[in-house]
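Here the structure is laid out as structure tokens; the discussion comes afterwards.
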4 protein chains.
Amino acid sequence: MAGNTFGKNFTITTFGESHGKAVGVILDGCPPMVELSVEDVQTELNRRRPGQSKVSTPRDESDKVEIYSGIFEGKTTGTPIMMMVFNKNQMSRDYDAVKSLFRPGHADFTYYSKYGMRDHRGGGRSSARETIGRVCAGAVAKKVLDRTGTKITAYVTQVGPHKAQKRDIEVIEDNIIRTCDLDAAVKMEEYIIAAKETGDSVGAIVEVLVQGVPVGIGEPVFDRLNAKIAHAIMSIPAVKGIEFGSGFEAVLMRGSDHNDEMTKYGFLSNNAGGTLGGMASGQDLVFRFVVKPASSITIPKKGIDIYGNEKEIITEGRHDPCVAPRVVPVAEAMTSIVLVDLIMEDKAIAHYFK
Amino acid sequence: MAGNTFGKNFTITTFGESHGKAVGVILDGCPPMVELSVEDVQTELNRRRPGQSKVSTPRDESDKVEIYSGIFEGKTTGTPIMMMVFNKNQMSRDYDAVKSLFRPGHADFTYYSKYGMRDHRGGGRSSARETIGRVCAGAVAKKVLDRTGTKITAYVTQVGPHKAQKRDIEVIEDNIIRTCDLDAAVKMEEYIIAAKETGDSVGAIVEVLVQGVPVGIGEPVFDRLNAKIAHAIMSIPAVKGIEFGSGFEAVLMRGSDHNDEMTKYGFLSNNAGGTLGGMASGQDLVFRFVVKPASSITIPKKGIDIYGNEKEIITEGRHDPCVAPRVVPVAEAMTSIVLVDLIMEDKAIAHYFK
Amino acid sequence: MAGNTFGKNFTITTFGESHGKAVGVILDGCPPMVELSVEDVQTELNRRRPGQSKVSTPRDESDKVEIYSGIFEGKTTGTPIMMMVFNKNQMSRDYDAVKSLFRPGHADFTYYSKYGMRDHRGGGRSSARETIGRVCAGAVAKKVLDRTGTKITAYVTQVGPHKAQKRDIEVIEDNIIRTCDLDAAVKMEEYIIAAKETGDSVGAIVEVLVQGVPVGIGEPVFDRLNAKIAHAIMSIPAVKGIEFGSGFEAVLMRGSDHNDEMTKYGFLSNNAGGTLGGMASGQDLVFRFVVKPASSITIPKKGIDIYGNEKEIITEGRHDPCVAPRVVPVAEAMTSIVLVDLIMEDKAIAHYFK
Amino acid sequence: MAGNTFGKNFTITTFGESHGKAVGVILDGCPPMVELSVEDVQTELNRRRPGQSKVSTPRDESDKVEIYSGIFEGKTTGTPIMMMVFNKNQMSRDYDAVKSLFRPGHADFTYYSKYGMRDHRGGGRSSARETIGRVCAGAVAKKVLDRTGTKITAYVTQVGPHKAQKRDIEVIEDNIIRTCDLDAAVKMEEYIIAAKETGDSVGAIVEVLVQGVPVGIGEPVFDRLNAKIAHAIMSIPAVKGIEFGSGFEAVLMRGSDHNDEMTKYGFLSNNAGGTLGGMASGQDLVFRFVVKPASSITIPKKGIDIYGNEKEIITEGRHDPCVAPRVVPVAEAMTSIVLVDLIMEDKAIAHYFK
């Protein structure tokens, strides 16, 4: 598989290009008898939809999903679920100017090098529109996780120098930044708008909190819960790093600080971030990842074309000055998918024959 | 596969417990006609061997590898290569005391929860001895990478608060920390020894530099080069975070800073860390990961036993106060394996039918 | 993956139910730069379309395929190719009567047992309409095989007691049986029509001939060319057996008969059917498979319903009295997919680093 | 993976060459808490051991297995189980004469073509000694199947023209042919010995009977129980065909004969051979496969050497005039492995969230 499939048991394969006919996903391996409606999926998709606010791209896509298979009388049947969104507001003309250019920070150069050609319209397959399929599948994963009482919440904790000072997860959907601190949200928004006005973009940090992870989930050695999560999250466009629990701060800690003590009532701290030996300890799973400033900016930068000529390049089009708010549902989706996949793996291997 | 296999084309499966008979690996998918000797493998193993220096565990294992299959007349044959090291200095008695204890920071609790039992001797399968198989396979991967001129170098860049101030990769094997700055090495060593004397352990950061990565390696979407590397590195025991290029610093950058400009002579910066859209750009691949302070310490900490009773627990035995120097060859091994795997994937998919 | 995906490098995942919205396939891993038009796919689909002749079901489906991704300016891009056919002539009413029945010879009982529910309309996922996705992907595989000069031809060699007496592959598309002997075709047709008139169905044998197989294709041990072909062909509904070269006749042969002698000009016989040790010898790949008489008949048979009550059951609806003619393109598709998959595997593993 | 791995959940990877140091297997994914002793494995190995009788090769290998990992205090731990047999009676000298020859019916030519080299000693990796690893893993699978009450029995039903006239599975281990009819055994043995005396070999048919298959096992579409079994069995050296239930006889049947009727007390016939739509119906799983006459004979046949020169070739060494009796335990092993693998798959996907 050429990298468009993720998951071993709960398996998604995404398809589609930014300016092709459609983008979507096949989900194979979903357990049967899970109640699922189009609205369940649409609700999640609306959260990543463009044009939601002044900090996201004005590209106007309604992103209406349809489910083409795998559902019967409102329930999953255990057969592949295909979900798709037609591309509408494509405006391919916008992109003709970049046909022969390798835009700095974009995948133009590597796609062209690898495949000998590329669909240059709006990033083609490398467009973040690919993540629509992920969000659709994630919506199904969330329904499955309802059964184990597992809840996933992602939120922005830093934009530029502005950090959230608290973790108020109730307010996340109440602010356009999707941060967990309404005071910080104001500063973050101002910071993003200021960058946008100069044609620039900004970076951010997103935290993911998973409550109710079944103990023991994750396979030892290579398919650790944290390793699979890292794989999943690092596969989201623009993500450049990930850390669990105390993360990079652990460099300054000692074993006597970092080891999470256990009592009969539970753990006394969560430096590990929810895993021990790669398996879920039953604590909250907590990790953070950094999103680079979006590559699409209108400030001219040095690049080359396919003939090797140097060019000053700006990225025309409609872009997000900060992608983090729209990455939030994508991160939740990928985390959900990993969790269901590993719950199923665990069921197959560890618990069955007890 | 229950998580003990990694790689799709160049595929390793490790086996063995800390205090079982042996630890090793099967490598399937190695191209034929690669010259390979036992010494090639032993050289890498010696770098991760315990007992190398005063900052590593005194457990005395010679870790002599044998190759049981897949080699004929000094060359790989294209069939599975099985490499194994017998465990010698096992001292299982050391571990009887922990038979019913869940040591803080260890995988005891999660293994027991998942499997209903565990080989409690020295961590069993969760022991870092499992990484011996990885280093063996990595030695083969390095031989394969000689053919593409790809060179992988890992080194410690921070121990506690002490950072390497330069990147002198020539000196890495000349100091027991395996850092790239001999001045920093002195301070790092003192810092580790001081912690060791109190029965404690310390954290560190390791950087990996890959030169000569073939352009286009890595599959778009889920099997990006950086996502696969993240998966591989996060699967190493004690690793808690990873970042590429500018990494978490990107939160403070703008697109106009972060985008790496291109000229006809190459890139002008490397904030991306060597990938664009998940595929190798031909720049150096650069990433860093953090290693938590080792969980095995002799400072008493609160834990519980399998009956739920609270206990003050210290981890007897012989342990590393800082695992980073011995993680260096493991990180190189995993990086090599990912690269060969993706080179083979690329060959299968992108270039063949051109 | 819950069994809806096939192939490791050239990977297909099919989706869709008989009476759902649509059926289709995602193909991941197709090499880039392969010329591909909708017509290339439609031509193959037309060969499996219902309603072609008096020996196939009168269900009238135009089965018009659309390609939703992975093609740009008439060429494959190396990204996933999604192809889909909308279901039109569904007539779900026909199936209401069987809602609670387990029809003899059908998958009703096993689906219900496995999933706790089933889409009872026309077999749902177990319908042969699922093979539409396979044929679409096979059409792409055939285009790829043009590059290696590999040609796949399937044809009916026996219907009931009537055997083809020659192998005239030029006439296959000239007769509705898709046999390789026009004289036999007459008898086969009469035999089928006679069964149809009594509401019954008949069995058949199909042979597949592959010319121009690259030497060495197929992986030793488990992923032998013949084992992968057997897997692929046995996954086609109604297939109950497969044999290669001399096949079951080998029971009566001796080694001195069966061993295919080699001269400098090539092999003197082909009892092996084109493989040695599981890898292509460069001879024609030749195999045969048997297709059981279709389960859907209007002759009443004993069955039970989901409550355990015994019922006399006939299968209403429009069905094929002999499915072999329509299985022919499906067998070609599956064979093509296996071959491309193994050519890619071979390229990745065996030849690259020579 | 280059074809040396089989199974998705209960996953085996075999390694080793005929005349290398050892042959063996890693089994990953075995459920924990399964009681397993070395004797359990040795008992199965002894059934495939050479030198058992006058109808098998006189190569004298004791084939003593050792278990190197994955077992603790007599039980599986859920970690990889490595089992290995050292090669002893290698006699590599026997094979020097064939160093540059491509023996008819052997894999010499295809290995050389694929890899550019081969371990020519006794077939190297293509030797049937590779199946030792399979039998070891199969012994573990059988232990797992004890829990579901599933019993697998293979036996020879035909050697040359001599067919078993009954199915007396109690006598299989009482005759050196491993057939299910002691009268037929006499004729089969005479037939084999007669061929052996002329330096020739003979073909055979083996039947496999599985009782107590859990209903619903097998994934629809590509990973059908019968398709996976076909893959597994066709991967055994010398197997040239497989059929389920009525098999190739179905060509002569009508739907009204072939459909297995159901009553409240069960099925009235078993033409399907135990599956419906690729999933286990709960009936006995019954299939047959043909084993070609062994390629190693001492009757001279035409072949070529690696330089293209024509040679009269005989295969020196110690060989089986009929491999079927020793294939019996291999077939049971592969069948066991497929069943456990699919039971685990089913558990992961279908039943968990009910």
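If only residues of region D:280-292 that are more than 7 Å from chain C (Cβ to nearest Cβ) and of a type in the set (D, E, K, R) are counted, the one that is surrounded by the fewest Cβ atoms within 10 Å (Cβ to Cβ) is D:Asp284.
A single entry from D:Ile177, D:Ile172 fulfils the requirement of being aliphatic (A, V, I, L, M), outside any helix (DSSP H, G or I) and away from every other protein chain (no Cβ under 11 Å): D:Ile177.
If you check C:Gly124, C:Gly149, C:Gly133 for being within 14 Å of chain A (Cβ to nearest Cβ), on the phi > 0 side of the Ramachandran plot and touching a residue at least 60 places away in the same chain (Cβ under 8 Å), only one passes: C:Gly124. Look at A:Gly24 and say whether it is part of a loop (DSSP other than H, G, I, E, B), touching a Phe, Trp or Tyr at 6+ places or on another chain (Cβ under 7 Å), over 23 Å from C:Gly116 (Cβ atoms) and within 14 Å of chain B (Cβ to nearest Cβ). When the stated conditions are applied, A:Gly24 does not pass them. Tell me whether region D:121-138 contains one or more residues that are more than 22 Å from the chain's Cα centre (by Cα) and in a helix (DSSP H, G or I). Yes: region D:121-138 contains one or more residues that are more than 22 Å from the chain's Cα centre (by Cα) and in a helix (DSSP H, G or I). Does D:Val327 count as assigned to a helix (DSSP H, G or I) and under 22 Å from D:Gly122 (Cα atoms)? Yes. Does at least one position in region D:97-115 carry a residue that is more than 14 Å from chain C (Cβ to nearest Cβ), in a loop (DSSP other than H, G, I, E, B), touching a Gly at 6+ places or on another chain (Cβ under 8 Å) and farther than 27 Å from B:Val338 by Cα? No. Within region A:199-219, the residues that satisfy the criterion of being more than 30 Å from B:Thr5 (Cα to Cα), of a type in the set (Val, Ile, Thr) and facing another protein chain (nearest Cβ under 8 Å) are A:Val202, A:Ile205.
For region A:220-256, the candidate set comprises residues that are crowded, with 22+ Cβ neighbours inside 10 Å and hydroxyl-bearing (Ser, Thr, Tyr); within that set, the residue that is nearest to the other protein chains (Cβ to nearest Cβ) is A:Ser235.
So that you can scan it fast, the table gives a plain yes or no per residue for (1) in a helix (DSSP H, G or I); (2) more than 24 Å from A:Leu285 (Cα to Cα):
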residue: A:Tyr155; (1), (2): no, no
residue: A:Ala194; (1), (2): yes, yes
residue: A:Asp200; (1), (2): no, yes
residue: A:Ile205; (1), (2): no, no
residue: A:Val215; (1), (2): no, no
residue: A:Phe222; (1), (2): yes, no
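Selection of region B:186-215 for residues being in contact with a Lys or Arg (Cβ under 9 Å, 6 or more places away or on another chain), of a type in the set (Gly, Ala, Ser) and more than 23 Å from B:Lys240 (Cα to Cα) yields only B:Gly212.
Contact map, region C:2-15: first residue more than 7 Å from every other protein chain (Cβ to nearest Cβ), second residue part of a strand (DSSP E or B), Cβ cut-off under 6 Å, separation 6 or more or different chains; pairs are C:Ile12/C:Phe6; C:Ile12/C:Val25; C:Ile12/C:Leu27. For region C:257-267, the candidate set comprises residues that are part of a loop (DSSP other than H, G, I, E, B) and within 7 Å of another protein chain (Cβ to nearest Cβ); within that set, the residue that is modelled with the lowest pLDDT is C:Lys264.
Residue by residue, here is whether (1) touching a Ser or Thr at 6+ places or on another chain (Cβ under 6 Å); (2) in a strand (DSSP E or B); (3) at pLDDT below 95 holds:
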site: D:Ile12; (1), (2), (3): no, yes, no
site: D:Phe15; (1), (2), (3): yes, yes, no
site: D:His19; (1), (2), (3): yes, no, yes
site: D:Gln52; (1), (2), (3): no, no, yes
site: D:Asp60; (1), (2), (3): no, no, yes
site: D:Ser69; (1), (2), (3): no, no, no
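Checking D:Met334, D:Met344 one by one, the residue that is in contact (Cβ under 8 Å) with a residue 60 or more places away in the chain, surrounded by 20 or more Cβ atoms within 10 Å (Cβ to Cβ), within 14 Å of chain A (Cβ to nearest Cβ) and closer than 30 Å to D:Leu225 by Cβ is D:Met344 and no other. Considered as a group, the residues in region D:293-323 that are in contact (Cβ under 8 Å) with a residue 60 or more places away in the chain, at the interface with chain C (Cβ under 7 Å from one of its Cβ atoms) and in a loop (DSSP other than H, G, I, E, B) include one that is farthest from D:Ala204 (Cα to Cα), and that residue is D:Ile299.
Set side by side, the residues B:Lys187, B:Lys142 differ, and just one is buried (at least 22 other Cβ atoms within 10 Å of the Cβ), in a helix (DSSP H, G or I) and modelled with pLDDT of 95 or more, which is B:Lys142.
The residue that is surrounded by the fewest Cβ atoms within 10 Å (Cβ to Cβ), among those in region A:268-279 that are aliphatic (A, V, I, L, M) and in a loop (DSSP other than H, G, I, E, B), is A:Leu268.
Only one of the listed residues (A:Tyr115, A:Tyr111) is surrounded by 24 or more Cβ atoms within 10 Å (Cβ to Cβ), over 30 Å from A:Pro32 (Cβ atoms) and without any contact (Cβ under 8 Å) to a residue 12 or more places away in the chain. That residue is A:Tyr115.
The values are calculated or read from the model by the stated rules, or taken from the named source; none is laboratory data. Computed from a prediction, not measured in an experiment: that's the story for all the values here. A quick note on method: Cβ atoms are made from the backbone with ideal geometry, for glycine too, and the neighbour counts reach across all protein chains shown.
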